[in-house]
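Here the structure comes first, spelled out in structure tokens, and everything after it is commentary.
The values are calculated or read from the model by the stated rules, or taken from the named source; none is laboratory data. Model, not experiment: these values are computed from the prediction. Methodologically, a virtual Cβ is constructed for each residue, glycine included, from the backbone with ideal geometry; neighbour enumeration extends over all protein chains shown.
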Amino acid sequence: MSEQLVVDEEKIQEILHRWETSPRFLVEILQDIQEEYHYLPREILIEVSRQLNVPLSRIYHIATFFKAFTLEPRGKHLINVCMGTACQVKGAPRIIDAVERELAIKPGETTKDRKFTLETVRCLGCCGLAPVVTVDGEVYGQVTPAKVSKILKKYD
Amino acid sequence: MPYRLNLMICTGTACVSNRAFDIIEALEKEIKKHNLDAEVAIVPTGCNGFCAQGPIVVVQPDGIFYQRLTTKDIPYLVEEHFLKGRPVQKFMYRPPERKEPIPVMSEIPFFKDQMLIALRNRGLINPENIDDYIARDGYKALAKVLTSMTPEQVIQEITASGLRGRGGGGFPTGIKWKYCRQAPGKEHYVICNADEGDPGAFMDRSIIEGDPHSVLEGMAIAAYAVGAKQGYIYVRMEYPLAVKRFKLAIQQARDYGLLGKDILGCGFDFDVEVRRGAGAFVCGESTALMASLEGKVGEPRAKYIHTVEAGLWMQPTVLNNVETLANVPVIILKGAKWFSSIGTGDVSENPWGGSTGTKVFSLAGKVNNTGLVEVPMGISLRDIVFKIGGGIPKGKKFKAVQTGGPSGGFIPESLLDLPVDFDALTEAGSMMGSGGMVVIDEDDCIVDMARYFIDFLKGESCGKCTPCREGLRAMSEILNRICEGKGQEDDIDKLEELGRTMVDCSLCALGGSAPNPVLSTLRYFREEYEEHIKQRKCRAGVCRALITFTIDPEKCTGCRVCAMQCPQQCISGEAKKPHRIDQSRCIKCGVCYDVCKFDAVIRK
């Protein structure tokens, strides 16, 4: 990740303002930053630490504890494979295998061309549609390994 | 002017993924085309519960149930039914075993045996419109409490009803409120736990998406009872629609003076803030959730002092689950006596003496009717799985039902007649949990399922206490090796010993209940573990190291579908002649097994 990120001061101010610039909202603040940048850039975490007067280590403690946060930039499209119990019994592990074969990445990784990131999610709560895959929030239900490549082609 | 017909369209997450909003758009267009705007209303509602059949439209007042609609079906449906008055059979629900469709929703077996309290408004109101909720006696209980009851009377009523925590703990709600009220503190807080983390559970999500005001009203009543002015709702960020609906509901309630300062002119102040979780299962635990609300890492603490005395910011705090709170207004309106007459046991002297009221379960996995069901406590598991759930698809054999999420356990066929209540399930080595019920059949490997839950918990353990952190790691290692065909003779003993240690020594409920999936499967399905270890055999055909795929030359027609789909291209043969799988290159992905239309691929 050699590209230097430009820290948009105003954007950070706005997010901090939304949460009263108070450390008690740290989890929410990080969520909003992640929504904006799709990951938590180090430069911005340093800025947040300075503004809130909170040690950077505490911010990293939270950023690495919660599953929703990622410290690495993600690809253009985010694939989430649901690993809930209902999806598990209806074949989610084989869906992951199929995506892995198709894109040559493992969960948590991004393709070299930065097009796709593969992640797993604990449960989306759409158990009636199991197994479930989402791409950029779009929900696909009753997915089979054979259907995976068709779904991914849509995002090519 | 009232409408002649109301089209209730489910807009829960599952139906939305099945394009419910496209259906709404198509309906609007067609209704306009036929000039029916003044007669037919479209009402977006919350989750109907019958998620597998979505998108769903229920035509009121007759309750005609249409399912699996596509936009192409809409012109015909509008013309035939809404214009000409002829309900369309082909879009109705048809149970697997019969030819005739069942037109009316309340007669469909899935809905027939349900009893709705927490889900009383499901499919009947627009969750984004507070007037709809008020029209169904909404906020009447809050008004009753504020104008005619003391906080002590409210607590007394809830205690007498026998209501126990629906999040899984089963602690009597009234007692919790009483302790919190009695505890000294600068401020008291009410928190709604909507961090529904159990995989396979979606009751709370459906309640929030379908009827957010019922939860807000429950919170306001709780706040009055314990003397709180501020409430928090902690929702998981994986539920964006629930977050949106809560925020909207809060705004509407404030505008109507049902939240905020001097509610209903009674001098009672209460307001609510929505906070998003960030994807940590352990944050469903009360102290971890409160730490996260304070902007800290969501790690639990030892509860020598209970959260009702020192919770959020060390102040007295009541934490209730979504479903618990949704029950509260109904109990206030209909009375404790009515509520306690439903369910099992006798709670008149001891609130732990029974399980009263109803429970919402999310039924998923290998069952025909997946979805959300609310049933009276004490109903048998068999009724839920076979009567309401419609049994196992494709004529497969039932193996077990998993209740209580990762902290729960597996219940075998022999115990299917067990009444569903807090105590009976705990005795059977599982637990009520928040209400997830996942059915597994003969094609699911019990060891693999136990491994799935342990791996889940291993990833979610916060790591603060050793028994949970290290115990789960060791269990996961052993289970993985058993699934890979490398199990050792004493592995079962080791699992049991680890399990006992974790139950006794873990800091919070996550670690204390984490061995349940292993201990309960060892209790009822020990022979499957032994088969894996001694005979290197997986009878369900799941554990890859222990299975092979072959092609039955008798059944193979040489259609080449498997050969074309095989990612390894290791299936060969001449067209229209039996094919073969090259075992040395097969990665056992099972694609051939899925795509073969002639059942020629054998998995053993």
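Quick notes on this structure:
- Looking across segment B:211-230 at every residue that is surrounded by 23 or more Cβ atoms within 10 Å (Cβ to Cβ) and without any contact (Cβ under 8 Å) to a residue 60 or more places away in the chain, the one that is nearest to residue B:123 (Cα to Cα) is identified as B:216.
- Any hit, segment A:83-91, residues being in contact (Cβ under 8 Å) with a residue 12 or more places away in the chain, at negative phi and basic (Lys, Arg): yes
- Condition check for residue A:15: out of contact with any strand residue (DSSP E or B) (no Cβ under 7 Å at 6 or more places or on another chain) and either more than 13 Å from chain B (Cβ to nearest Cβ) or modelled with pLDDT under 95 (or both): yes
- Of all the numbered requirements in (1) in contact with a Phe, Trp or Tyr (Cβ under 8 Å, 6 or more places away or on another chain); (2) over 26 Å from residue B:340 (Cα atoms), residue B:388 misses one, and that requirement is (2).
- Residues of segment B:486-514 that are assigned to a loop (DSSP other than H, G, I, E, B) and surrounded by fewer than 17 Cβ atoms within 10 Å (Cβ to Cβ): B:486, B:488, B:489, B:490.
- Some residue of segment A:59-67 being within 30 Å of residue B:543 (Cβ to Cβ) and either buried (at least 17 other Cβ atoms within 10 Å of the Cβ) or away from chain B (no Cβ under 11 Å) (or both): yes
- Filter result for residue A:85 (within 28 Å of residue B:436 (Cα to Cα), touching a strand residue (DSSP E or B) at 6+ places or on another chain (Cβ under 8 Å) and not hydrophobic (A, V, I, L, M, F, W, C)): yes
- Taking segment A:45-58 as the range and being at the interface with another protein chain (Cβ under 10 Å from one of its Cβ atoms) and buried (at least 18 other Cβ atoms within 10 Å of the Cβ) as the test, only A:52 passes.
- Residue list for segment B:341-373, restricted to those being within 14 Å of chain A (Cβ to nearest Cβ) and polar (S, T, N, Q): B:362, B:368, B:369, B:370
Per-residue answers, yes or no, for (1) assigned by TED's automatic domain parsing to the domain that holds residue B:334; (2) modelled with pLDDT under 95; (3) under 22 Å from the mean Cα position of the chain (by Cα); (4) surrounded by fewer than 21 Cβ atoms within 10 Å (Cβ to Cβ):
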position	(1), (2), (3), (4)
B:156	yes, no, no, yes
B:163	yes, no, yes, no
B:166	yes, yes, yes, no
B:173	yes, no, yes, no
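- Residue under evaluation residue B:514, criteria (1) touching a Cys at 6+ places or on another chain (Cβ under 8 Å); (2) outside the structural domain of residue B:459 (by TED's automatic domain parsing), criterion not met: (2)
- Residue within segment A:106-126 that is within 12 Å of chain B (Cβ to nearest Cβ), modelled with pLDDT of 90 or more and under 27 Å from residue B:361 (Cα atoms) present: yes
- Residues in segment A:127-139 that are at pLDDT below 90, facing chain B (nearest Cβ under 9 Å) and surrounded by fewer than 24 Cβ atoms within 10 Å (Cβ to Cβ): 3 in all.
- Positions within segment A:143-156 being loosely packed, with under 14 Cβ neighbours inside 10 Å and either within 10 Å of another protein chain (Cβ to nearest Cβ) or assigned to a helix (DSSP H, G or I) (or both), in sequence order: A:150, A:153
- Condition check for residue B:552: surrounded by fewer than 16 Cβ atoms within 10 Å (Cβ to Cβ) and in contact with a strand residue (DSSP E or B) (Cβ under 9 Å, 6 or more places away or on another chain): yes
- Residue A:100 vs. criteria closer than 23 Å to residue A:68 by Cα, out of contact with any helix residue (DSSP H, G or I) (no Cβ under 8 Å at 6 or more places or on another chain), part of a helix (DSSP H, G or I) and among the charged types (D, E, K, R): yes
- Residues of segment B:320-364 classified as surrounded by fewer than 19 Cβ atoms within 10 Å (Cβ to Cβ) and part of a loop (DSSP other than H, G, I, E, B), total: 9
- The residues in segment B:561-579 that are surrounded by 15 or more Cβ atoms within 10 Å (Cβ to Cβ) and more than 17 Å from residue A:149 (Cβ to Cβ) can be counted, and the count is 5.
- Hits in segment B:95-135 (condition: of a type in the set (D, E, K, R) and surrounded by 15 or more Cβ atoms within 10 Å (Cβ to Cβ)): B:120, B:122, B:128, B:132
- Given (1) at the interface with another protein chain (Cβ under 9 Å from one of its Cβ atoms); (2) within 14 Å of the chain's Cα centre (by Cα), index of the condition residue A:81 fails: (1)
- Among the residues listed as B:254, B:236, B:301, the single one being within 30 Å of residue B:514 (Cα to Cα), surrounded by fewer than 24 Cβ atoms within 10 Å (Cβ to Cβ) and either touching a helix residue (DSSP H, G or I) at 6+ places or on another chain (Cβ under 8 Å) or basic (Lys, Arg) (or both): B:301
- Among the residues making up segment B:121-165, those that are among the basic types (Lys, Arg) and either in contact (Cβ under 8 Å) with a residue 40 or more places away in the chain or within 17 Å of residue B:356 (Cβ to Cβ) (or both) are B:122, B:140, B:144, B:164.
- Looking across B:136, B:122, one residue alone is not assigned by TED's automatic domain parsing to the domain that holds residue B:326 and not hydrophobic (A, V, I, L, M, F, W, C). It is B:122.
- Residues considered: B:588, B:604, B:494, B:577. Of these, the only one that is more than 28 Å from the chain's Cα centre (by Cα), under 22 Å from residue B:448 (Cβ atoms) and at pLDDT 90 or above is B:494.
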